[in-house]
């Protein structure tokens, strides 16, 4: 018979020599507990510490449909890790992750319910992980959803020393009859855009290659290039919610990997496409910097980056003025046309 009790310093030495520190995991949990519990909403039954989080569905819905999505922040983590000691950088990556996922379920008209995060590295650093999770928790609170659970994985031999990965899963809910699926879109409908403010979480492998050695340079407004690249991935929920409440929305697109050509067609009925007029929105100067130094064509820039458009809402031409009143940061950038594909003109 083997008697198992709490490990002392000697008993945990073998696992630690293999590269895994159980005490670091315990310290990480202690550091993030308050931030996580501060996100709990009335639907949370069990959260941190449970093998599986428990969440009760809203009772005021007739036919609730769950909308789920999983994503990460890509190689934006590499740049963030380089500047991890700068104010707000690690917390900002946590915001990026949550906001990206919020926008993905928002496309179907869903309200966020809860979130699960995943932080992985070769060696668990409690303070770094705590900063990332604190950022995740802060963005969850802003979205009105619970950080229900997650995982901190220490995997030496899988991840490069000093690097980390961050991913997450979101679950939202929408009434069956309120799902936004693009089925009512027709030629002549208007495309209204919300500005991204930067790269969001896509295209960083190309951006880092193009701007390596120039990260400490200044943008025209005095912002360091590295900080312009790390501009936060916006949550478009506050801007879109009034449009949903007013029942103006026919379709929506979150402009992520693939840019406008890769994401707009996902929201349109078969046989329809989009004509987008370049110059109707402001393109952040960081894109021009990447294009010049990376020697990237216009076509590839639009296929890799959002080019300043973070989210597109399709409304009837008759509803344009009302939509702009409800969400003043919207910009009219194009129109739905009776041919497939996306033309940037």
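A few points about this structure:
- Tally, over the stretch 163-189, of residues that are farther than 17 Å from residue 106 by Cβ and either in contact with a helix residue (DSSP H, G or I) (Cβ under 7 Å, 6 or more places away or on another chain) or in a strand (DSSP E or B) (or both): 7
- If you filter the stretch 190-199 down to residues that are in a loop (DSSP other than H, G, I, E, B) and either out of contact with any helix residue (DSSP H, G or I) (no Cβ under 9 Å at 6 or more places or on another chain) or not assigned by TED's automatic domain parsing to the domain that holds residue 332 (or both), you find that the one that is surrounded by the fewest Cβ atoms within 10 Å (Cβ to Cβ) is 197.
- For residue 202: the one exception among (1) in contact with a strand residue (DSSP E or B) (Cβ under 9 Å, 6 or more places away or on another chain); (2) in a loop (DSSP other than H, G, I, E, B): (1)
One line per residue, one yes/no per condition, for (1) assigned by TED's automatic domain parsing to the domain that holds residue 41; (2) crowded, with 24+ Cβ neighbours inside 10 Å; (3) over 16 Å from the mean Cα position of the chain (by Cα); (4) under 19 Å from residue 159 (Cα atoms):
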residue: 56; (1), (2), (3), (4): yes, no, yes, no
residue: 61; (1), (2), (3), (4): yes, no, yes, no
residue: 70; (1), (2), (3), (4): yes, no, no, no
residue: 74; (1), (2), (3), (4): yes, no, no, yes
residue: 85; (1), (2), (3), (4): yes, no, yes, no
residue: 93; (1), (2), (3), (4): yes, yes, no, yes
residue: 104; (1), (2), (3), (4): yes, no, no, no
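- Among the candidates 193, 207, residue that is farther than 17 Å from residue 292 by Cβ and at pLDDT 95 or above: 193
- Candidates in the stretch 222-237 are the residues that are touching a residue at least 24 places away in the same chain (Cβ under 8 Å) and not in a helix (DSSP H, G or I); of these, the one that is surrounded by the fewest Cβ atoms within 10 Å (Cβ to Cβ) is 231.
- Residues that are under 28 Å from residue 143 (Cα atoms) and in contact with a helix residue (DSSP H, G or I) (Cβ under 7 Å, 6 or more places away or on another chain) within the stretch 210-236 comprise 226, 228, 229, 230, 232, 233, 234, 235, 236, listed in sequence order.
The values are calculated or read from the model by the stated rules, or taken from the named source; none is laboratory data. Everything quoted here is computed from the prediction, not taken from an experiment. FYI the Cβ positions are ideal-geometry reconstructions off the backbone, even for glycines, and counts take in every protein chain you see.
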